[in-house]
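Colleague: Following this message is one structure expressed as C-alpha cells.
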Ligand SMILES: [Zn+2]
C-alpha cells in the first residue's frame, strides 16, 4: 500500500512529509504498458514521471486546498510534455508524451530541456469552481538564476518554492518501476505574533537566526538521504536514521480514503464536452470517415467510443442541429 506520513520537529518551525507510492505508482505504469498502445515508458521517463507523482503528493499534503494540484513539465527533447496530478483525496494520475527516442542514460535536461527553454508549471484548480473563479498557476524555468540547467526535479521544485512561496524547502525524490518516493522538509513561515511590540524586532531577528540554524541542520540531514535508501527503506527506518537526534511529532498519516491511490478523473461526460468543443462539422466528418469517434484517455487508457447517434445526441443536447443524414442513420 502507498503511504504518506507527516511530521513536525517539536518546538521548531520546520515540518516534513514522507511519501512512498507503491500500488498507486505501479498502476500508472501498468496502464501505460498494457492499455495505451504506446508501450511502457523508457526508464529515464518512468523515473522522472515517478518523481513528479511523488512531488505532487508531497506538495498537496503540505497545503490546505480543496482542488487538484498539477505539475507539468514542457520543453524541447524527446519528452514534449509530462504531467502529474493529484486530487484532495490523493487520487493520482500521470502521463508523458514521448515523440522521439530516449537515450538510456538521459538526464532531466536531455529529456525535456535541450534548448534550456523548458518550463515547469504548477497549477492549483479549485474543486467545483464557481463562475469567474480563477485557477492559480506558477511557472518557473528548468534552470537556476545563472541559467544553469537543473538536472534534478527536486532542485527545480525547491527553486520554485523559494521563488513563488518564499519558503525554504528541501526535497529528495526517487523512483523506479516499483516505487515513487519523496521526502519534503520545509521551513514554516515566521509568525511573530504574541511578541510584545517593543521587543518585536530584535526578538524576531534573534529567533530568525536561531531558526535558520535549525532549518539548515535538518535540511542537511534530509539531503543526506540517498535515492537508493529512499527507495529501499521503510518509513520508520528512514526517519530514525535521519532524525534520531531530533524530536519528531508525528501527525496523522494518510489512512482510509486518504491513502494515495491511482484514480483518473476522465469520464464519458467530459469527453462529450470535448467533442462539443470540436464543433459539429469536425465531429461529423470524423464519424463519416471512420464510422465512429473514439477518444482514448492518456492517463488511464480508457477508450470512449461514440457512434453516429451518440455524436448527434451530443450536439442536439447542446441545441446544435446535426445534418439530417446523420440523424436518420
Ligand atoms: Zn482517464
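What follows draws every value from the coordinates through simple rules; no lab data is involved. Note that the coordinates shown come from a computational prediction; the quantities given were computed from them, not determined experimentally. Backbone-built Cβ (ideal geometry, glycine too); neighbour counts: all protein chains shown.
Colleague: For a quick protection proxy, order the peptides 98-107, 72-81 by their average other-Cβ count within 10 Å, most packed first.
Modeller: Put in order of decreasing packing, that is 72-81, 98-107.
Colleague: Separate question: Hey, any idea what the orientation-averaged projected area of the convex hull of the chain's Cα atoms comes to, in nm²?
Modeller: Hull-based average projected area comes out at 20.9 nm².
Colleague: Right, next: Residue 8 to residue 309: FRET efficiency via 1/(1 + (r/R0)^6), r the Cβ-Cβ distance, R0 51 Å, to the nearest 0.05?
Modeller: 0.30
Colleague: How long is the gain from residue 139 to residue 267 if the chain were fully straight, where each residue apart is worth 0.36 nm and the alpha carbon distance is subtracted?
Modeller: 43.2 nm
Colleague: Quick one: which of 181-187, 275-281, 295-301 comes out on top by average Cβ neighbours within 10 Å, and what's the full order, highest first?
Modeller: Most protected by this proxy first, the peptides run 181-187, 295-301, 275-281.
Colleague: Counting pairwise Cα distances across segment 212-324, what percent come out greater than 20 angstrom?
Modeller: 63
Colleague: Once fully extended, how much extra length lies between residue 176 and residue 244, figured as 0.36 nm per residue of separation less the alpha-carbon to alpha-carbon distance?
Modeller: Length gained between residue 176 and residue 244: 21.8 nm.
Colleague: Describe numerically, in nm with one decimal, the distance between label points set 7 Å from Cα along Cα→Cβ at residue 290 and at residue 63.
Modeller: Distance between the two pseudo-spin positions: 3.6 nm.
Colleague: Per residue of the chain, what 222 nm ellipticity follows from adding -39500 (n - 2.57) for every DSSP H run with n ≥ 4, rounded to the nearest 500?
Modeller: -11500 deg cm²/dmol
Colleague: Label residue 235 and residue 318 with points 7 Å out from Cα along Cα→Cβ: what is the distance between them in nm?
Modeller: 4.4
Colleague: At a Förster distance of 56 Å, what's the computed FRET efficiency of residue 223 paired with residue 129, Cβ-Cβ distance as r, to 0.05?
Modeller: The computed FRET efficiency comes out at 0.90.
Colleague: While we're on this one: What whole number of Å gives the distance from the Cα centroid of segment 94-168 to the Cα centroid of segment 257-298?
Modeller: If we compute the Cα centre of each part, the gap is 27 Å.
Colleague: Working out 0.36 nm times the residue gap between residue 281 and residue 121, then minus their Cα-Cα distance, what length gain in nm do you get to one decimal?
Modeller: Length gained between residue 281 and residue 121: 54.2 nm.
Colleague: Could you calculate the FRET efficiency of residue 23 with residue 167 from 1/(1 + (r/R0)^6), where r is the beta carbon distance between them and R0 is 25 Å, rounded to 0.05?
Modeller: Once rounded, the FRET efficiency stands at 0.25.
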